[in-house]
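The values are calculated or read from the model by the stated rules, or taken from the named source; none is laboratory data. Not measured: the values here are computed from a predicted model. With ideal geometry, Cβ positions are generated from the backbone for all residues, glycine too; neighbour counts draw on all protein chains shown.
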Amino acid sequence: MTRKLEQLFDFPTAEASTEDPTVEHTQTQLAKIDDTIDKIDAALPMVRDLETGDGELDAIASKAQETFDDLMDLGMQVDSRYSAELFAVASTMLGHALTAKTTKLNKKLKMLDLQLKKLKLDQDQARNSPEETVETAHGQVLNRNDLLERLMASRDQKTE
């Protein structure tokens, strides 16, 4: 802003506005917010594609269950000396299916836990933060004629 505009509208000069403690407070808050946004942006690439793992784990579990069923049927039809090894492999497949389902559930529980922790943190911050908000500016919508009338009135008062 130019100095003539500052003088015309009776605004504080740029030097005076930087010395204002509320401006400094607002600037520090904005800097903190910028840092927080940068941290969030840096963390976002690690959090993407959460839902794709669910489909893959379901596919692994279903494939392992199908293989378990096939091996159990085969173990019942072969000679008894070979069936023990087939049953062992079938139980391993069932273990893989169980592991895939457990991993999927653990992932969902961790996400719920993180959401609850974030909700608690937000509530704690809301409780500890001051109720009043810092107002940055007030404004009015004026047309050109109203603005000129106000300027002329302020000039008349200054000259008197």
Next item on the list: Would you point out the residue of segment 129-160, among those that are of a type in the set (A, V, I, L, M, F, W, C) and modelled with pLDDT under 80, that is farthest from the chain's Cα centre (by Cα)?
Entry: ALA137
Next item on the list: Tell me, yes or no, whether segment 69-85 has at least one residue that is under 29 Å from ASP54 (Cβ atoms), part of a helix (DSSP H, G or I) and in contact (Cβ under 8 Å) with a residue 24 or more places away in the chain.
Entry: no
